[in-house]
Amino acid sequence: MNQVKPDIIADVQLIRPEDGGRFSATPDDFFACSLIINEIKYDCRIILDCTGRLHPGEERRLGIKFLNPNLVASYISVGSLFQVWDGKVIGNCTVVKIIET
C-alpha cells in the first residue's frame, strides 16, 4: 500500500459535540475536510491510516495533505493556527512541521 505523504504535520483537535463539534469519529484511514486559512477554505485530507479514527474531543499529531499545496504554501508556517471545517467548524489545528518536497 502506498502511503500518502503529508504536506504538514499538525496537532489536530476535534471539538466535542456539546461544544458544537461533530457527533461521530472520523473514518479510519483519512478524513476529507477543509482547513480555514485566512478565512478561505482549502481542501485537505487528514491522514489517519497509521493511527485510526479521531474522536470528538480528542487531539492527535497528524499528517495533512492539501489537494493543492501550492495554494496554501505562502500562508503556512510552524505555529500557524487553522480551523477544521466540515459543514461547520469542527476542530482546530496547529502546524508543528512543514514537509519540504
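Counting the residues of segment 78-96 that are within 15 Å of ILE46 (Cβ to Cβ) and either among the charged types (D, E, K, R) or modelled with pLDDT under 95 (or both) gives 1. When you check GLY63 against the structure, is it open to solvent by less than 80 Å² (accessible area, probe 1.4 Å), on the phi > 0 side of the Ramachandran plot and among the small types (Gly, Ala, Ser), yes or no? Taking the combined requirement at face value, the residue does not satisfy it. Among the residues of segment 37-54, the ones that are out of contact with any Phe, Trp or Tyr (no Cβ under 9 Å at 6 or more places or on another chain) and of a type in the set (S, T, N, Q) come to 1 in all.
Among the residues of segment 40-61, which ones are without any contact (Cβ under 8 Å) to a residue 12 or more places away in the chain and closer than 13 Å to PHE82 by Cα? Step through it out loud before you land on a result.
Kept after step one, since they are without any contact (Cβ under 8 Å) to a residue 12 or more places away in the chain, are these residues of segment 40-61: 40, 51.
Result: ILE40, single match.
Residues in segment 7-54 that are in a loop (DSSP other than H, G, I, E, B), within 17 Å of ASN68 (Cβ to Cβ) and open to solvent by 80 Å² or more (accessible area, probe 1.4 Å): ASN38 alone.
Do the conditions hold for LYS97, that is, is it out of contact with any Ser or Thr (no Cβ under 6 Å at 6 or more places or on another chain), open to solvent by 40 Å² or more (accessible area, probe 1.4 Å) and basic (Lys, Arg)? Lay out the reasoning, then the answer.
Details: out of contact with any Ser or Thr (no Cβ under 6 Å at 6 or more places or on another chain): yes; open to solvent by 40 Å² or more (accessible area, probe 1.4 Å): yes; basic (Lys, Arg): yes.
So LYS97 passes the test.
When GLY79 is tested against (1) more than 10 Å from the chain's Cα centre (by Cα); (2) open to solvent by less than 60 Å² (accessible area, probe 1.4 Å); (3) touching a residue at least 24 places away in the same chain (Cβ under 8 Å), exactly one condition is not met: (3).
The values are calculated or read from the model by the stated rules, or taken from the named source; none is laboratory data. Not measured: the values here are computed from a predicted model. Backbone-built Cβ (ideal geometry, glycine too); neighbour counts: all protein chains shown. Side chains are part of the model used for accessible areas, which takes the heavy atoms of the whole protein and leaves out ligands, DNA and RNA. Shrake-Rupley method; radii C 1.70, N 1.55, O 1.52, S 1.80 Å.
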